[in-house]
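**Student:** I'd like to ask you about the structure that follows.
What follows draws every value from the coordinates through simple rules; no lab data is involved. These figures come from a predicted structure and were not determined experimentally. Note: ideal-geometry Cβ built from the backbone for every residue, glycine included; neighbour counts use all protein chains shown.
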Amino acid sequence: MDTMTSLSRAIYETILLAYPEAKDIPDAKGIRGFLEVPPNPEMGDYAFPCFRLSKVLHMGPPMIAKKLTETWEKGEIAAAEAAGGYLNFRLNRVNFAEKTLQAVLEAGSDFGRGDEGKGKTVCLDYSSINIAKRFHIGHLSTTMIGHSLKRIYDFLGYETVGINHLGDWGTQFGKMICAYKLWGDRESVEKGGVDELTRLYVRFHQEAEMNPELEDQGRAWFKKIEDGDEEALSIFKWFKELTLKDTARVYELLGVTFDSYAGESFYNDKMGRVLDELKEKQLLTVSEGASVVDLTDDGMPPCLILKKDGTTLYATRDLAAAIYRQDTYHFDRCLYVVAYQQDLHFRQVFRVLEKMGYAWAKNCVHVAFGMISYEGEALSTRKGNVVILEDLLNQAVEKALSIIQEKSPNLENKEEIARQVGIGAVVYADLSNSRIKDMDFRWDRALNFDGESGPYVQYTHARCCSLLRKAEAAGVVCDELHGEHLQDDEAQALLRLLSRFPDVIRDAADKYEPSMITRAVTDIAQAYNKFYYEHRILDGDAAAVKARVALTRAARDVIARGLYLIGIDAPEKM
């Protein structure tokens, strides 16, 4: 049993001893969720806020804290003292070190794994690239936040369904076919791929400025797609295949996979059900010729379902997709990892689902994130100021290789390690801050081996691996944990961070916030390096060496697991 669980259980038992007649006391699991880390380490290692008990005990927090201190008898776990309305705990350092190391080392890469998700399904809609467009840096956040959350939920025992809701429907595809028929040829498109499709699309709009009738031709080709015209569908599917082939290289670099590529076109024959239900439940009204669901009472503009010409919109397809996902996967939660600008859209869609009578609509969540800029400049597809993600990733690998060749010229497998470090630097930069914050990608920060960066955390992992190889060569066997040799402040600070890691994973899942794990592994890396510089790991008393090596192994295991959960490789050499 880890220390936080033991401490929570001891607090629960103490409350029962102090107040045997009390009812509705939170159990040990609930108490664990209330435990806090004091802002100043001098105040203690953990604190229990007694105001959590005020309502059920009908007395002030300071009185409760005083009573619990007098009743506390768990000296082998921690000493307790009252501080206002808080019960502060100073851990028994020897006991804490041994309990934490035992928990981490016995679990290894499974430390923090849970089964709370057993029997539950989470659908995750992320990445959602557009057909016939290059995969640019603006898609990085949705892709990596979704990928990380999928790994987190998998780790907690959930059944997960990763969905790439392709942007593969709309008039633009009719325009693209029109451009291809007028100015393109199969050989050029096969050779140029998505770049050639983009060139044709740009030309269409240039030509349309001088010849507006082209717009009608573009709409006519899209109508052919909708009507199932054989030639139109054949070209449309070909464009789609070219795009997926192009993006497959990027996903492979990032290590990202999906369980479904059902995009907007997949729901073309499923929107009739949505329209029929909305009409049947008398939710559709006509506004200026368009069909809408009135959301005035909810403080929102009407949700547009059909345009004046009867064509469907994003909302119509998202309603059909949500219903299909519930019918198919029976999800307990459905996450939409989409930029914050779409907040109103998803609030409208979720509210319409509720009005349709779907109780599960409350389990649909918009996981919003901020915008990304590059070296201080805002990005704009329309202005042509776009950073192609594949180019960025390849550049990151090249830069990492250059640094590695300079710092470690004799390192084996430099190219593979450069790939891990370069890609890791980009992913870490994206997942290092709260997802809702805007992010400015800068090379000097992303590839800084000495700061808060992916390479820094990866290097710490490699350092741990190097020490463990040396320990193994020296015959060090960690058959005893010897917590008495880990009572120093540096070791204890690291142990506290390791012990909290399982709670960080759950907080990240509850708040849809992978950056919590990024922050945790960075803190662990920094704490380990401080411990490393203050103590000679492999020198001195045999028992002390065993203890420090065991702590090194624990740090390595948790760093590796944390990096995995945010989608970053953990090199063993750097």
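**Student:** Could you derive backbone 3J(HN,Hα) for segment 451-468 from the dihedral phi with the Karplus parameters 6.51, -1.76 and 1.60 (θ = phi - 60°), listing whole Hz in sequence and x where the residue is Gly or Pro?
**Tutor:** Ordered by residue, 3J(HN,Hα) equals x, 7, 8, x, x, 5, 5, 4, 5, 5, 4, 4, 4, 4, 4, 4, 5, 5 Hz.
**Student:** Among the lysines, which have Cα under 29 Å from the Cα of Lys437 when same-chain residues fewer than 8 positions away are ignored?
**Tutor:** Leaving aside lysines fewer than 8 places away in the same chain, those within reach of Lys437 are Lys133, Lys150, Lys362, Lys383, Lys399, Lys511.
**Student:** Go through segment 319-331 residue by residue and turn each phi into a ³J(HN,Hα) via Karplus (6.51, -1.76, 1.60, θ = phi - 60°); whole Hz please, and just put x for glycine and proline.
**Tutor:** Values, residue by residue: 5, 5, 5, 4, 5, 4, 5, 5, 5, 8, 9, 6, 5 Hz.
**Student:** Relative to the longest principal Cα axis of the chain, at what angle does helix 542-565 sit, 0 to 90 degrees, rounded to 10?
**Tutor:** The helix 542-565 is inclined about 20 degrees to the chain.
**Student:** Let me have the 222 nm mean residue ellipticity of the chain computed from DSSP H runs of 4+ only, each contributing -39500 (n - 2.57), with the sum over all residues rounded to the nearest 500.
**Tutor:** -18000 deg cm²/dmol
**Student:** Hey, can you grab everything whose amide H is under 5 Å from the amide H of Ser373? Only 5+ residues off in sequence or another chain; H modelled, so Pro and N-termini drop out.
**Tutor:** Amide H to amide H, under 5 Å and 5 or more residues apart or across chains, Ser373 pairs with Met439, Asp440, Phe441.
**Student:** Could you grab the relative contact order for the chain? Cα pairs under 8 Å, six or more apart, rounded to a whole percent.
**Tutor:** Relative contact order for the chain comes out at 16 percent.
**Student:** Hey, could you grab the Kirkwood Rh for segment 425-565? Inverse mean 1/r over distinct alpha carbon pairs, Å, one decimal.
**Tutor:** 15.8 Å
**Student:** To the nearest 0.05, how large is the calculated FRET efficiency for Glu190 and Gln341 if R₀ is 35 Å and r is the Cβ-Cβ distance?
**Tutor:** 0.50
**Student:** Compute the signed sum of charges (Lys and Arg +1, Asp and Glu -1) over the other residues within less than 11 Å, Cβ to Cβ, of Lys223.
**Tutor:** Here the count lands on -3.
**Student:** Right, something else. May I ask you to list the trypsin sites (Lys or Arg not before Pro) in segment 1-59 that are in a DSSP loop and have at most 15 other Cβ atoms within 10 Å of their Cβ?
**Tutor:** The qualifying sites are Lys23.
**Student:** What ranking of Val558, Val56 emerges when the number of other C-beta atoms within 10 Å of each C-beta is taken as an exposure proxy, fewest first?
**Tutor:** Listing Val558, Val56 from fewest to most nearby Cβ atoms yields Val56, Val558.
**Student:** Can you work out ³J(HN,Hα) from phi for every residue in segment 60-75, in order, using Karplus 6.51 cos²θ - 1.76 cosθ + 1.60 and θ = phi - 60°, giving whole Hz and x for Gly and Pro?
**Tutor:** x, x, x, 5, 5, 4, 5, 5, 5, 4, 5, 8, 4, 9, 9, x
**Student:** Moving to a separate point now. Using amide H atoms built 1.01 Å from N in the peptide plane, name the residues 5+ places from Ser128, or on other chains, whose amide H lies under 5 Å from its own.
**Tutor:** Distant-sequence amide H within range of Ser128: His165.
**Student:** Between His136 and residues 5 or more places away or on another chain, which pairs have amide H atoms under 5 Å apart, with H built 1.01 Å from N, and which residues are they?
**Tutor:** The list, which skips near neighbours in sequence, is Leu389.
**Student:** Then there is this: Please list, by residue number, everything in segment 80-105 whose backbone N is under 17 Å from a paramagnetic label point 7 Å out along Cα→Cβ of Glu73.
**Tutor:** 80
**Student:** Report the Rg/Rh value for segment 1-147, based on alpha-carbon coordinates and the Kirkwood definition of Rh.
**Tutor:** Reported Rg/Rh, Kirkwood definition of Rh: 1.16.
**Student:** Using alpha carbon coordinates only, what is the Rg to Rh ratio of the chain, with Rh defined as the Kirkwood radius?
**Tutor:** 1.05
**Student:** To two decimal places, what compactness ratio does segment 172-254 give when its Cα radius of gyration is scaled by 2.2 N^0.38 Å?
**Tutor:** Relative to the rule-of-thumb radius for its length, segment 172-254 sits at 1.13.
**Student:** Along its principal axes, what span do the Cα atoms of segment 226-291 show, with the longest given first and each in whole Å?
**Tutor:** Extents along the principal axes: 48, 31, 22 Å.
**Student:** Another question about this same structure. How far is helix 271-280 tilted off the main Cα axis of the chain, in degrees rounded to 10, range 0 to 90?
**Tutor:** 90 degrees
**Student:** Would you kindly state how much longer the chain becomes between Leu16 and Glu572 on full extension, computed as 0.36 nm times their sequence separation minus their alpha carbon distance, in nm to one decimal?
**Tutor:** Length difference between fully extended and current span is 195.3 nm.
**Student:** Mind checking which of Trp183, Ala220, Tyr251 is farthest towards the positive end of segment 172-254's charge dipole, using Cβ charges of +1 (Lys, Arg) and -1 (Asp, Glu) about the Cα centre?
**Tutor:** It is Tyr251, whose Cα lies furthest towards the positive end.
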